[in-house]
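Participant: One structure, pasted below without further comment.
No value in this document is a laboratory result; all are computed from the given coordinates. Since this is a predicted model, take the numbers as computed values, not measurements. With ideal geometry, Cβ positions are generated from the backbone for all residues, glycine too; neighbour counts draw on all protein chains shown.
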Amino acid sequence: MARVPRSSLLLAGFLAASGVTHFAAPKPFDAIVPRVLPGSPRAWTRASGVVELALAAGLAVPRTRRLSAQATALFFVGVFPANVKMAYDWRTRPASARALAYGRLPLQVPLYLWARQAGRPTAG
């Protein structure tokens, strides 16, 4: 039976926690939905939460891990505009809040790389 590497399971846990948070505390996510997207921000928040939960499930299953990891990498690229919007919107907030918003931008790179790594075949 194939196993799922620990790193992939950690990424799945991260995505699952984030997905649940989109439903449990949606307001911060609503606020960073780019205004150019049609429909309500809440609909986008819910949709992205569902996607994160689906990606987490896919990463946790050996048979779907590779495809889910590729989709996760694309997801991290796709949500980058929301992080840019947050950084722009928070540009006049106190320094600690700005640091949080600006810190999310480069964080997308290691998340993307983590997802790419999670889809690689395991040895043995």
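Participant: Just to verify a number: FRET efficiency for S7 and A57, C-beta to C-beta distance, R0 = 22 Å, to 0.05?
Facilitator: Working: r = 17 Å, r/R0 = 0.76.
E(calc), rounded to 0.05, equals 0.85.
Participant: Also, quick follow-up: For T72, T21, T122, what ranking results if the residue with the fewest other Cβ atoms within 10 Å of its Cβ goes first? Intermediate results must be reported in sequence, preceding the final value.
Facilitator: On the way: T72 30, T21 15, T122 12.
In order of increasing Cβ crowding within 10 Å: T122, T21, T72.
Participant: Evaluate the distance, in nm, between pseudo-label points positioned 7 Å from the Cα of T21 and of R46 along their respective Cα→Cβ axes.
Facilitator: Taking the simple label geometry, T21 and R46 are separated by 2.1 nm.
Participant: Nothing charged except the Cβ atoms of Lys and Arg (+1) and of Asp and Glu (-1): what's the magnitude of the dipole of the chain about its Cα centre? Round to the nearest 20 debye. Provide the component values of the computation, followed by the final result.
Facilitator: Details: 16 positive and 3 negative charges, 31 e Å.
It comes to approximately 140 debye.
Participant: Only Cα pairs under 8 Å and at least 6 apart count here; give the relative contact order of the chain as a rounded whole percent. Walk me through the numbers on the way to the answer.
Facilitator: Working: 138 pairs, mean separation 37.0, N = 124.
Once divided by the residue count of the chain, the mean separation gives 30 percent.
Participant: So what's Rg/Rh here for the chain, counting alpha carbon atoms and using the Kirkwood radius for Rh?
Facilitator: 1.02
Participant: Within 10 Å of each residue's Cβ, count the other Cβ atoms and sort D30, D89 from fewest upward.
Facilitator: Numbers: D30 15, D89 12.
The most exposed by this proxy come first: D89, D30.
Participant: Taking R0 as 30 Å, what FRET efficiency do you get between Q70 and R98 from their Cβ-Cβ distance, rounded to the nearest 0.05? Show your work: numbers first, answer last.
Facilitator: Working: r = 33 Å, r/R0 = 1.10.
That pair, Q70 with R98, gives E of 0.35.
Participant: Of L9, L105, how do they rank once you tally other Cβ atoms within 10 Å and put the fewest first?
Facilitator: Numbers: L9 16, L105 13.
Ascending Cβ contact count within 10 Å gives the list L105, L9.
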